[in-house]
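Read the structure below first, then the notes.
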Amino acid sequence: MRTRFAPSPTGPLHFGSVRTALFAWLAARSTGGQFILRIEDTDQGRYLEDTEALIMETLLWLGLSWDEGPEVGGPHGPYIQSMRTDLYREHAGLLEARGAAYWCTCTPERLAEMREQQRAARMPTRYDRRCLSRQDDVRKERAAGAPAVLRQLMPPGRTAWDDVIHGEISFDNADIDDQVLLKSDGFPTYHLAVVIDDHLMQVSHVIRSDEWIPSTPKHLTLYSALDWTPPRFAHVPPVLGEDRQKLSKRHGARNVLEYGELGYLATAVDNAMALLGWSSGTEDEVFTLAQLVERFSLARVHDSAAVFDQKRLDSLNGQHIRRLSTEELVELLEFWLPGTSKETRRKLVPLLQERMVVMRDAGTLASPLLGDAPWDDDVVFPPRKVDAATAIALLDATCAEVSGAGLEDITALRERLTAFLDARGVKARDGFRVLYIAVLGRAQGVPVFDAMAFIGAEKSMQRLRAARARLEL
RNA sequence: GCCCGCAUCGUCUAGCGGUCAGGACACCACCCUUUCAAGGUGGUAACCGGGGUUCGACUCCCCGUGCGGGUACCA
């Protein structure tokens, strides 16, 4: 199977567009085929500087490498449409010679007016083929330098195909417009370019977003006029935002790369995207990219739109973090806990791993251990169910224990302090909250005794005494 | 307006004529527990509506409704 992802460089990639890329990539990889990246920059007006680089960076971050495309090249290049204009013009000429396309000199103004009238008459809006019946005049106008476009001549009949996702879909050709193939600036439209490129690049399965369904008959007609065997089409449903609107740039859809900056693992993002419209058929849902390759099949891709759920991503990210080996996490943490040694991170991992939702959480969790533990002003101290006298006694007892027995055996330390609280009729869960606040500056976080062992006896006692001082005021 | 697609818990989904309609996220409760998490157990929660077809419809067909998309010299 040969698939491709063909984005236009009009902005960063969001969850919806990357999901389509993931499916195309997975389809190719899971069948031992090739994945092609092609940049569709035929619209000069919407082109946005630097987005090719952004697109490639995004795909690479997610682990979606391409076999053919920009940078890596390939046997069917170039893989940037603006560098293939000769190819498009050549085939456009062929189409014209075969009577499958004709020139049109209608002005945008006339076209707009025509559509307005059709709409007012409750008719479908389509080009009325005025120029088709006056081709001699059109030829003269073009010779005189009049701007013109090449239009596809939609033949009568019906066009149908067996969509991989949707099954049989068919259109009455009469409902389909004579699509512009070559714009007056000489550039091809998407419709011409996509057909030529997919064929020349030997794409076997066109996996693209649902929104292309209405133009597929145009493409199929082109394949037929060119005497080419069309590829299979797989139109994947859209990804919707919480507002049930299709994810789009103007709708605040986030640049996928931002998830990385927020501390999401690429593999978790891949996993979350795959689950939007695909399911394994088993009850397993947590997969790495490699595991997705093993299980993926286009046949199990859904045909209805999916609403993106951030909570689900969070959950998946936490699960992927927990599945990391200590060494893997130690590596990854280097970026999130700058300035720490590998040894330090190794000691931290057991305390952090099961508490992180995103990598960024490591910083929050570890900060009281790596630096100061600023007091959280919202915290109630002493905490509920513990009076000041008990809190002071506990703090003193802890200090005495630490200076005496040290922090070698925190299990024994905990047991002695539990007994201490017991004797005073205070539940350990309530009493120890005092220690959490004293040591971490807040009521929750990594386990206190581990925290004390980490920062050492000296610093621990300092914090315990500082907390005690607050109670005496 | 015209054309096309889609429709199961709040969300992602399993289901492919006969199921107590299953799982996950979220939510709630309990257990575990030095906090918070994690983990465990249990719970609340769904087949858009109406007609058919059939002994039997979530599953098939039709209509309606809703949502999404297309209707550009944008992709």
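Converting phi to 3J(HN,Hα) with the Karplus coefficients 6.51, -1.76 and 1.60 and the offset θ = phi - 60°, segment A:256-261 yields 4, 4, 5, 5, x, 5 Hz in sequence order, with x at every glycine or proline.
Converting phi to 3J(HN,Hα) with the Karplus coefficients 6.51, -1.76 and 1.60 and the offset θ = phi - 60°, segment A:67-76 yields 7, 9, x, x, 6, 8, x, x, x, 10 Hz in sequence order, with x at every glycine or proline. First check a/c for segment A:362-414, with a ≥ b ≥ c the square roots of the eigenvalues of its C-alpha gyration tensor; if it is under 1.5, answer rounded, and if not, answer prolate when a/b is larger than b/c or oblate otherwise. Judged from the Cα gyration tensor, segment A:362-414 comes out oblate (a/c at least 1.5, b/c at or above a/b). A simple count of charges around A:Phe287, restricted to other residues whose Cβ falls under 9 Å of its Cβ and scoring Lys, Arg +1 and Asp, Glu -1, yields -3. Near A:Asp67: Cβ cut-off under 11 Å, other residues only, Lys/Arg at +1 and Asp/Glu at -1. The net charge is +2. Here the alpha carbons of segment A:322-473 define both size measures, Rg and Dmax, at 15.9, 47 Å. Between A:Arg134 and A:Glu90, the simple spin-label model (points 7 angstrom out along Cα→Cβ) gives 3.5 nm. Overall shape: oblate for segment A:268-315, with the ratio a/c of the largest to smallest alpha carbon gyration tensor axis at 1.5 or above and b/c at least equal to a/b. Each peptide in A:226-236, A:21-31, A:120-130 was scored by the mean count of other Cβ atoms within 10 Å over its residues; highest first, the order is A:21-31, A:226-236, A:120-130. When A:Arg468, A:Arg295, A:Arg424 are arranged by Cβ crowding within 10 Å, least crowded first, meaning fewest neighbours, the order is A:Arg424, A:Arg295, A:Arg468. Overall, chain A carries a charge dipole of about 720 debye about its Cα centre when +1 sits on the Cβ of Lys and Arg and -1 on the Cβ of Asp and Glu, all other atoms neutral. Among A:335-344, A:81-90, the peptide with the highest mean count of other Cβ atoms within 10 Å heads the list, and the full ranking is A:81-90, A:335-344.
For A:Leu240, the amide hydrogen comes within under 5 Å of the amide hydrogens of A:Leu247, A:Ala306, A:Val307, A:Phe308, counting only partners 5 or more places away or on other chains and with H modelled in the peptide plane. Using a cutoff of 8 angstrom between alpha carbon atoms and counting only pairs six or more residues apart, the relative contact order for segment A:231-317 works out to 43 percent.
Pairs spanning more than 28 Å between alpha-carbon atoms, out of A:Lys311/A:Lys427; A:Lys183/A:Lys218; A:Lys347/A:Lys459; A:Lys246/A:Lys311; A:Lys311/A:Lys385; A:Lys347/A:Lys385: A:Lys311/A:Lys427; A:Lys311/A:Lys385; A:Lys347/A:Lys385. Each other residue within a Cβ distance under 15 Å of A:Ala174 adds +1 if Lys or Arg and -1 if Asp or Glu, for a net charge of -1.
Take every Cα pair under 8 Å whose residues are at least 6 apart in sequence, average their separation, divide by the length of chain A, and the relative contact order is 13 percent.
Comparing Cα centroids, segment A:201-224 and segment A:378-447 end up 68 angstrom apart. One quarter of the surface of the convex hull around the alpha-carbon atoms of chain A equals 30.4 nm², the direction-averaged projected area.
Checking the a/c ratio against 1.5 first, then a/b against b/c, what shape does the Cα gyration tensor give for segment A:69-117? Cα axes put segment A:69-117 in the oblate bin.
Taking θ as phi - 60° and the Karplus parameters 6.51, -1.76 and 1.60, the scalar couplings of segment A:168-175 work out to 5, 10, 9, 10, 7, 4, 5, 8 Hz in sequence order, x denoting glycine and proline.
Working from Cα pairs under 8 Å separated by at least six residues, relative contact order for segment A:292-364 is 35 percent. Put in line by how crowded their Cβ is, counting other Cβ atoms within 10 Å and starting with the fewest, A:Glu71, A:Glu52 read A:Glu71, A:Glu52. Entry note, chain A: the mean residue ellipticity at 222 nm calculated from DSSP H runs of n ≥ 4, each adding -39500 (n - 2.57), is -14500 deg cm²/dmol after division by the residues and rounding to the nearest 500.
Throughout, read-outs are computed from the coordinates displayed, never taken from laboratory work. Remember, predicted model here, so these are calculated numbers, not experimental data. Cβ atoms come from the backbone with ideal geometry, glycine included; neighbour counts cover every protein chain shown.
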